[in-house]
1. For Rg and Dmax of the Cα atoms in Å, pick the label among (i) 22.4, 70; (ii) 19.4, 60; (iii) 19.2, 56 that corresponds to the value derived from the coordinates.
2. So if I take the centroid of the Cα atoms in the stretch 75-151 and the same for the stretch 1-29, what is the distance between those two points in Å?
3. For the stretch 247-316, which GluC sites (Glu not before Pro) pass both filters: DSSP loop (anything but H, G, I, E, B) and at most 14 other C-beta atoms within 10 Å?
4. Can you give me the relative contact order of the stretch 228-316 as a percent, contacts being Cα pairs under 8 Å and 6 or more apart?
5. Using amide H atoms built in the peptide plane, which far-off residues or other-chain residues are under 5 Å from Ser108 H to H?
6. Going Cα to Cα from Lys161, which aspartates and glutamates come in below 20 Å? Please leave out same-chain ones fewer than 8 positions away.
7. Please sort by residue number the chymotrypsin sites (Phe, Trp or Tyr not before Pro) in the stretch 238-316 whose DSSP state is loop and whose Cβ has at most 16 other Cβ atoms within 10 Å.
8. State, as an integer percentage, the relative contact order of the stretch 203-266 based on alpha-carbon contacts under 8 Å between residues 6 or more apart.
Amino acid sequence: MEKSEKSYVLDNGLTLPWISFGTGVIWKYSRNKKLFLKVNLRKALSSVKHLKLNRELKGNLFCKKYLEQAYDVGYRMFDTGRIYGHSEKYIGKTAAKREGVLIETKCSAMDIKRDCSPDTVRGNLEISLSNLGIDCVDVYLLHWPEGDWLNYYSQIIEQYKAGKCRAYGACNLQVSHLKQIEEAGLEPPMIVQTELHPLNSKRELRDYCKEHNILLEAHTPTARGSRELADTDIMKELTAKYNKTSVQITLRWHYQNGVIPVVSTFSKEHMAENLDIFDFELTGEEMLLIEGLNQDKVLLNVTGCYDDDINYVYNL
């Protein structure tokens with residue numbers, strides 16, 4: 001893997017931009033009409049009560065608009081997954097049809113084990129490709145290391161060799177999982193996506209991936225813009241020094257660490273701000289001070305579910 005300005009080039013020649021845009025789950029529970037109506041009615045009533053459209057409902061109603069805005073301001077890689085409800089279809093109708101766009105999607109044990117889905121990675125990938133309206137996805141990832149995950153991961157590698165994806169990897173892995181892949185005699189992932197931000201900096205994982213030429217992606221990359229991070233002394237000092245937001249400082253920290261942040265926002269202003277991090281550079285000391293904020297804090301405390309559980313009726 002080689003880093004050039006604002007992009008990364010994998011050993012197989014695939015070039016990935018320095019940042020990715022994700023929708024999250026769109027119209028979740030859409031396979032269960034009763035639950036779907038109950039959840040969305042509650043969110044609509046909450047929006048009326050607070051005189052502010054619920055964020056999840058906003059994403060559901062205006063996903064197409066936000067994807068078009070993200071492309072227009074400069075995003076060229078879009079992140080989705082089988083369990084993200086209608087996300088793949090929205091991306092397929094918008095971003096996937098635009099010039100220069102790369103798409104990454106995911107398959108989980110949940111998808112493979114559920115009654116509504118094929119019982120192979122190949123079958124689930126075919127559904128994703130159909131949703132996206134493309135013949136080959138740029139990046140294909142195993143969503144969680146659960147169930148018979150080494151088998152699923154090996155099936156993803158098979159799809160890569162069959163030309164159905166241009167790069168492959170896995171999400172939410174720890175160093176112990178990467179060692180299991182090595183011990184099983186499987187090719188290492190080209191890409192690992194995991195929760196990573198200054199409050200959970202995963203130094204051991206970052207060092208392992210750097211040593212083994214694995215590109216890291218960070219989901220939840222700005223700690224959800226939390227005040228806990230923004231109100232630290234070092235963040236206050238850096239935002240004042242560089243005249244940037246704490247989110248911009250954090251994204252610059254990722255960039256200088258060689259990590260691709262996967263961001264999600266429904267504000268066009270924030271979309272543009274996220275890209276505006278190339279008129280300053282953090283010093284080595286400042287990078288270490290941000291590193292020192294680590295608390296191993298997990299903000300997205302969820303795992304997959306590989307039973308056909310009504311509470312996970314997300315995908316099509």
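1. (iii)
2. Taking the Cα centre of the stretch 1-29 as reference, the centre of the stretch 75-151 is 14 Å away.
3. Values: sites: Glu269, Glu273, Glu281, Glu285, Glu286, Glu291; in loops: Glu281.
Passing sites in the stretch 247-316 are Glu281.
4. On the way: 38 pairs, mean separation 20.9, N = 89.
Averaging sequence separation for qualifying contacts and normalising by length gives 24 percent for the stretch 228-316.
5. When sequence neighbours closer than 5 places are left aside, the close amide H contacts are His143.
6. Asp11, Glu104, Asp119, Glu126, Asp135, Asp138, Glu182, Glu187
7. Details: sites: Tyr242, Trp253, Tyr255, Phe266, Phe278, Phe280, Tyr306, Tyr312, Tyr314; in loops: Phe266, Phe278, Phe280, Tyr306, Tyr314.
Here the sparse-neighbourhood loop sites are Phe278, Phe280.
8. Details: 49 pairs, mean separation 25.9, N = 64.
The value is 40 percent.
Here, each number is a calculation from the coordinates, and none is a lab measurement. On a predicted model such as this, the values are computed, not experimentally measured, just so you know. Note that each Cβ is placed from the backbone with ideal geometry, even for glycine, and that neighbours are counted across all protein chains shown.
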